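Undergrad: Could you have a look at this structure, given as structure tokens, before my questions?
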Amino acid sequence: NAFSKKAVKTEKARAKRELLKLKHAMVEALAKERELMQEQRDTEREREQQEEELSAARVEQMERQQEQERVAAFQQPQGIQQQESQMNQQENQEAQLHRIQMEERQQFEREQAS
């Protein structure tokens with residue numbers, strides 16, 4: 001009977017230790033989850049800011065292009081060639097901006113996946 005009581009006490013103590021380990025692991029997991037969620041929010045904010053900056057750069061570029069087109073309209077025939085060159089340049093810049101944006105989005109998705 002004494003042996004049985006001691007065995008029960010030992011089992012209870014072992015169960016308490018195991019429960020404390022599990023509680024500690026849960027607290028750590030929740031802290032890590034909170035940290036990861038904060039990192040995800042920070043990354044999302046950064047991505048949104050980059051998109052806003054990219055959008056502002058596009059607007060600025062379009063305004064410059066429109067101004068250049070107005071100036072070119074008053075120049076000699078060489079102005080037409082210059083205007084075409086500027087349009088090609090703008091298309092190249094837009095393609096480059098698009099590539100950069102897609103690369104950033106892919107990197108963001110890869111980071112989210114890992």
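The values are calculated or read from the model by the stated rules, or taken from the named source; none is laboratory data. Treat the numbers as computed from the prediction; the structure is a model and nothing was measured. Glycine also receives a Cβ, built like all others from the backbone with ideal geometry; neighbour counts cover every protein chain displayed. Heads up: the accessible areas ignore ligands, DNA and RNA and are worked out on the full protein's heavy atoms, side chains in. Shrake-Rupley method; radii C 1.70, N 1.55, O 1.52, S 1.80 Å.
Undergrad: Note the direction-averaged projected area, equal to a quarter of the hull surface, for the Cα convex hull of the chain, in nm².
TA: 8.6
Undergrad: For the chain, which whole percent of the accessible surface, found with a 1.4 angstrom probe, sits on carbon and sulfur atoms? Don't jump to the answer; show the numbers that get you there.
TA: Numbers: 5300 of 9990 Å².
In the chain, the share of accessible area belonging to carbon and sulfur is 53 percent.
Undergrad: What do you reckon, how do Ser55, Ser114 stack up by accessible area (1.4 Å probe), largest on top?
TA: Descending order: Ser114, Ser55.
Undergrad: Work out the charge dipole of the chain with +1 on the Cβ of Lys and Arg and -1 on the Cβ of Asp and Glu about the Cα centre, then indicate which of His98, Ala7, Gln82 is farthest towards its positive end.
TA: The residue sitting most towards the positive pole is Ala7.
Undergrad: Can you spot the lysines whose alpha carbon is less than 21 Å from Lys12's alpha carbon? Ignore those fewer than 8 places along the same chain.
TA: Lys21, Lys23
Undergrad: Compare the Cα positions of Leu54, Leu19, Gln65 along the charge dipole of the chain (+1 at Cβ of Lys, Arg; -1 at Cβ of Asp, Glu; about the Cα centre) and return the one farthest towards the positive end.
TA: Leu19
Undergrad: Solvent-accessible area per residue for the chain at a 1.4 Å probe radius, Å²?
TA: That works out to 88 Å² for each residue.
Undergrad: Can you tell me the 0 to 90 degree angle between the C-alpha axis of helix 2-73 and the longest principal axis of the chain, rounded to 10?
TA: The helix 2-73 is inclined about 0 degrees to the chain.
Undergrad: Cα to Cα, under 18 Å, and not fewer than 8 places away if on the same chain: which lysines meet these conditions relative to Lys5?
TA: Lys16
Undergrad: When the helix-only estimate is applied to the chain (DSSP H runs of n ≥ 4, each -39,500 (n - 2.57), divided by the residue count), what is the mean residue ellipticity at 222 nm, nearest 500 deg cm²/dmol?
TA: On the way: 2 runs with 108 residues, N = 114.
The per-residue figure over the chain is -35500 deg cm²/dmol.
Undergrad: What distance in nm separates the two pseudo spin-label positions at Gln101 and Ala31, each 7 Å out from Cα along the beta-carbon direction?
TA: 4.1
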